1. Taking segment 341-373 as the search range and keeping residues that are touching a residue at least 60 places away in the same chain (Cβ under 8 Å), outside any strand (DSSP E or B) and over 18 Å from the mean Cα position of the chain (by Cα), which one is nearest to residue 94 (Cα to Cα)?
2. Would segment 180-200 turn up any residue that is farther than 27 Å from residue 313 by Cβ, in contact with a helix residue (DSSP H, G or I) (Cβ under 6 Å, 6 or more places away or on another chain) and buried (at least 24 other Cβ atoms within 10 Å of the Cβ)?
3. Have a look at 139, 135 and point out the one that is touching a strand residue (DSSP E or B) at 6+ places or on another chain (Cβ under 9 Å), over 26 Å from residue 268 (Cα atoms) and part of a strand (DSSP E or B).
4. How about segment 47-63: which of its residues are in contact with a strand residue (DSSP E or B) (Cβ under 6 Å, 6 or more places away or on another chain) and part of a strand (DSSP E or B)?
5. Quick check on segment 345-391: of everything there that is within 18 Å of residue 24 (Cα to Cα) and touching a helix residue (DSSP H, G or I) at 6+ places or on another chain (Cβ under 8 Å), which residue is modelled with the lowest pLDDT?
6. Just one of (1) touching a residue at least 40 places away in the same chain (Cβ under 8 Å); (2) farther than 22 Å from residue 296 by Cα; (3) in contact with a strand residue (DSSP E or B) (Cβ under 9 Å, 6 or more places away or on another chain) trips up residue 12, so point out which.
7. List the residue pairs whose Cβ atoms are under 7 Å apart, where the first residue sits in segment 170-186 and is within 23 Å of residue 155 (Cα to Cα), the second is part of a helix (DSSP H, G or I), and the two are 6 or more positions apart or on different chains.
8. Among the residues that make up segment 75-88, is at least one of them assigned to a strand (DSSP E or B) and either in contact with a strand residue (DSSP E or B) (Cβ under 9 Å, 6 or more places away or on another chain) or closer than 19 Å to residue 152 by Cβ (or both)?
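The values are calculated or read from the model by the stated rules, or taken from the named source; none is laboratory data. These numbers were taken from a predicted model, which means no experiment stands behind them. For neighbour counting, all protein chains shown are included, and Cβ atoms are generated from backbone atoms with ideal geometry for every residue, glycine included.
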């Protein structure tokens, strides 16, 4: 990494990291960075893209292997969000994933049509991977709102189908309406058409009963989709998504959930450690970003951390839960996007901070194992437990 400025070092010191791990600043000066998507096949060229991220108010950035930040696309919203968070400022461009065969991007966002807010999914293409050349709509005309409960994560399953998280748009009852796409997880072909083997062959609806399912991640060990859902005043949750299943909203957030926070923490993105980025003891552990209150400063009682969870054998409950990264600074920083890359766990800090009078903008960090620290901890199993018996 390049030499860090003094204020960049102070940014890193504002986060407490799990023993045996280090934190690095990857990118800074971003504008509300929401979600991260890694390029599945990495080229050796240092200028080739390593990952992409969405910025809430209509930009996509490409970050190269050497750390250079490029503007992949901008001006993707046809309306101007007002800056209130919480409120109308929580709307815009959120979900992103990379199509492995083509390196095209699938993006989810809002748009305005005849004074009505709608959600859509688009497919973006690029010749060099650093700047968008074309874009086409995959699905659109989903009723929505500018108050957070919009179209959210987009993912590609092991079946190569496109899955889309859609919140209830503030219309709670629509989450149970089989004729409405709000409050649902959708399954479709990459061109937006309905797969022949969908639960209902005439609908893209895969599962229903969701309030605001922000994040989504696929787990290799059971080939299943997991989501993080935001509750009202209580009961944020994690759930494994099964076809035809009903997840209870608006009646309850606990139905078919594998874990819930009674005291809400605003979970956003989530991902499983599945490809050896961390020591083997962490294999298949689930990492979840807890955003917390919108502009709360300092270490609050809600969110502002990343937690690590281990599921039980049949994935029906959580058997261990630990804080993994915790913000301890004085600013409004909060984790939002989160994804494992080839060399660690990356996350976005949506707000950024002001250090020594210099406003950083949003940031991206990487958590990586410190091999020397892990080796040293192996000799102190009485203090750190059996988890450090290997590295």
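1. Initial filter on segment 341-373 (touching a residue at least 60 places away in the same chain (Cβ under 8 Å)): 341-353, 355-356, 358, 360-370, 373.
Then keep just the ones that are outside any strand (DSSP E or B); that gives 342-343, 350-353, 356, 360-361, 370, 373.
Adding the requirement that they be over 18 Å from the mean Cα position of the chain (by Cα) leaves 353, 356, 360-361, 370, 373.
Working: 353: 21, 356: 30, 360: 21, 361: 17, 370: 32, 373: 36 Å.
Only one residue tops the list, namely 361.
2. yes
3. Among 139, 135, only 135 is touching a strand residue (DSSP E or B) at 6+ places or on another chain (Cβ under 9 Å), over 26 Å from residue 268 (Cα atoms) and part of a strand (DSSP E or B).
4. At the first step, the residues of segment 47-63 found to be in contact with a strand residue (DSSP E or B) (Cβ under 6 Å, 6 or more places away or on another chain) are 47, 49-56, 58, 60-63.
If the condition is that a residue be in contact with a strand residue (DSSP E or B) (Cβ under 6 Å, 6 or more places away or on another chain) and part of a strand (DSSP E or B), then 49, 50, 51, 52, 53, 54, 55, 60, 61, 62, 63 are the ones that fit.
5. Filtering first and then ranking leaves 355.
6. Here residue 12 meets the rest and fails (2).
7. 180/174; 182/174; 182/175; 183/174; 183/175
8. Residues of segment 75-88 that are assigned to a strand (DSSP E or B), as a first pass: none.
No, because not a single residue in segment 75-88 is assigned to a strand (DSSP E or B) and either in contact with a strand residue (DSSP E or B) (Cβ under 9 Å, 6 or more places away or on another chain) or closer than 19 Å to residue 152 by Cβ (or both).
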